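A.B. asks: Sharing a structure below in structure tokens format, with a few things to ask.
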Amino acid sequence: MAGTADAESLATGQPATVTCSPPARDFYIDRLRSIMTALVLLHHTSITYGAPGGWFWYELHPSATLVGMLLTMFVSTNQAYFMGFFFLLAGYFTPRSLERKGYARFLGDRCLRLGLPLLAFGFFLGPLTVAMITAFEGRGFWSTFADLWHHRQFINGPLWFAQALLMFSLAYCLWRVFFGTPLGAARRAPKAVPSYRAWLLSAVGVGALALAIRQFVPTGVNVIGLQLGYFSSYIFLFAAGIAAWRHDWLRQLTWQHALPWIITLGIAWPLLYIGVAAARSMHGADFSGRWSWPAVLYAFWEPFVAWGLISGWLLFARSRMNAPSPFWNWVNRRAYAVYIIHPPVLVGLSLLLHGFVAPALVKVAVTGTLTVAAAWLLADPLVRLPGVRRVV
């Protein structure tokens with residue numbers, strides 16, 4: 001899966017001061033997290049109705065039809081960048097949070113905000129979602145719960161992101177202890193945004209590393225609940241977010257920096273789908289790994305698409321969505337809770353609408369819209385509960 005949470009909430013919350021003057025509130029970053037969260041919900045809705053990908057419930061399976069191709073284009077484009085975007089934003093807030101709180105409090109906060117939701121999903125919300133499906137299929141609700149708990153099955157679902165972010169946060173702390181600047185001596189040091197050539201080399205490097213990883217762990221294969229085949233870009237973008245904070249890149253980013261990547265995006269984006277069509281004409285090919293040409297295309301396609309989409313979203317949101325808004329404050333405050341609870345909400349609604357006969361795209365639109373609305377409304381009382389609101 002995909003996807004969000006607060007920059008310091010899935011990654012926690014409020015802007016923190018460091019040893020330099022604190023910046024003004026960047027409202028657009030909170031809104032980008034909320035938009036990406038809604039996109040995660042629509043992404044999983046699309047998989048429910050015929051897009052490829054991992055999810056709890058499939059009403060329709062992927063097909064070679066026009067609708068199937070449209071849904072494939074939607075989810076593959078999302079997969080190329082939106083979870084990496086979450087990691088970049090999480091990384092952006094990590095250094096100042098660590099420097100304000102210190103190691104013990106920072107890691108304790110991460111365990112609270114990331115670890116507790118992960119455990120809650122793994123032992124309750126995940127089994128609940130599976131049990132809803134087995135009950136719909138006539139195989140029992142409570143018996144499914146009992147069987148999953150008896151066999152100690154932990155279902156991380158979309159909370160794999162929290163699991164990975166915990167690991168990244170610990171790794172960053174270890175790096176700071178042994179190799180980085182001591183917390184008390186850390187300073188923000190603005191530097192120019194790297195050139196197009198530097199980002200081009202990074203895209204090539206990320207693609208090459210992704211291809212190397214996929215020789216051993218193809219996409220779609222989980223290792224400790226994580227699809228390591230996608231982690232090349234996640235690790236890079238988390239590190240890029242840290243550097244962006246340290247060197248003030250987000251404030252310096254301009255359309256002049258982004259335009260070459262938006263042009264690159266326009267050139268690169270159709271190539272994957274031309275490759276998919278060619279592979280189908282050759283009776284299929286493996287895009288998930290190994291040294292096949294489709295696997296090479298897919299591994300390098302992702303960063304070349306992602307860098308353009310991420311830079312475009314950042315600049316668009318900063319220019320159009322950076323003013324105070326009570327509505328957005330309400331939406332943003334509930335985004336992390338929405339991310340956590342959306343699987344049973346989406347699965348429940350898709351099961352209720354199973355008898356609704358309509359084209360797949362209509363069902364995606366109807367179920368997706370209802371899921372977004374229901375998830376935010378259900379998240380509202382959660383963020384008001386005294387104990388829960390400290391976590392989400």
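The values are calculated or read from the model by the stated rules, or taken from the named source; none is laboratory data. This structure is a prediction, so every number in the text was calculated from the model and none was measured. Counting neighbours? That spans all protein chains shown, and the Cβs are built from the backbone with ideal geometry, glycine included.
A.B. asks: Pick from ILE267, ILE274: which is modelled with pLDDT under 95 and either among the β-branched types (Val, Ile, Thr) or touching a Leu at 6+ places or on another chain (Cβ under 7 Å) (or both)?
C.D. replies: Only one candidate passes the filter, namely ILE274.
A.B. asks: Under the condition of being in contact with an Asp or Glu (Cβ under 7 Å, 6 or more places away or on another chain) and in a loop (DSSP other than H, G, I, E, B), which residue from segment 173-195 is farthest from VAL305 (Cα to Cα)?
C.D. replies: ALA186
A.B. asks: Please state which of the following conditions TRP291 fails to meet, knowing it meets all the rest: (1) over 24 Å from the mean Cα position of the chain (by Cα); (2) within 21 Å of PHE161 (Cα to Cα).
C.D. replies: Status for TRP291: all satisfied but (2).
A.B. asks: Mind checking whether some residue in segment 338-346 is in contact with a Ser or Thr (Cβ under 9 Å, 6 or more places away or on another chain), part of a helix (DSSP H, G or I) and more than 24 Å from HIS44 (Cβ to Cβ)?
C.D. replies: No.
A.B. asks: While we're looking at this one, here's another question. Looking at segment 168-186, which of the residues that are at pLDDT below 95 and either over 10 Å from TYR103 (Cβ atoms) or among the hydroxyl-bearing types (Ser, Thr, Tyr) (or both) is surrounded by the most Cβ atoms within 10 Å (Cβ to Cβ)?
C.D. replies: Within segment 168-186, the match that is surrounded by the most Cβ atoms within 10 Å (Cβ to Cβ) is ALA186.
A.B. asks: Another question about this same structure. Could you please find all residues in segment 65-102 being closer than 18 Å to TYR172 by Cα and touching an Asp or Glu at 6+ places or on another chain (Cβ under 7 Å)?
C.D. replies: PHE93, SER97, LYS101
A.B. asks: ALA198: assigned to a helix (DSSP H, G or I), out of contact with any Phe, Trp or Tyr (no Cβ under 8 Å at 6 or more places or on another chain) and modelled with pLDDT of 95 or more, yes or no?
C.D. replies: yes
A.B. asks: Inside segment 179-216, can you point out the residues that are among the β-branched types (Val, Ile, Thr) and closer than 30 Å to LEU297 by Cα?
C.D. replies: Answer for segment 179-216, where residues must be among the β-branched types (Val, Ile, Thr) and closer than 30 Å to LEU297 by Cα: VAL193, VAL204, VAL206, ILE213.
A.B. asks: Moving to a separate point now. Confirm whether TYR58 is buried (at least 24 other Cβ atoms within 10 Å of the Cβ) and assigned by TED's automatic domain parsing to the domain that holds ALA337.
C.D. replies: Here the answer is no, as TYR58 does not meet what is asked.
A.B. asks: Please verify whether segment 375-382 includes one or more residues that are buried (at least 22 other Cβ atoms within 10 Å of the Cβ), closer than 21 Å to LEU128 by Cβ and in contact with a Leu (Cβ under 6 Å, 6 or more places away or on another chain).
C.D. replies: no
A.B. asks: Here are some conditions: (1) farther than 28 Å from VAL364 by Cβ; (2) surrounded by 18 or more Cβ atoms within 10 Å (Cβ to Cβ). TYR103 meets all but one. Which one does it not meet?
C.D. replies: (2)
A.B. asks: Turning to a different aspect of this structure: From VAL372, VAL362, which residue is β-branched (Val, Ile, Thr), modelled with pLDDT of 95 or more and surrounded by 20 or more Cβ atoms within 10 Å (Cβ to Cβ)?
C.D. replies: Within the list VAL372, VAL362, the selection yields VAL372.
A.B. asks: Also, I was wondering about something else. Using the structure shown, decide if VAL217 is in contact with a strand residue (DSSP E or B) (Cβ under 8 Å, 6 or more places away or on another chain), outside any helix (DSSP H, G or I) and not assigned by TED's automatic domain parsing to the domain that holds GLY122.
C.D. replies: Judged against the criteria, VAL217 is a match.
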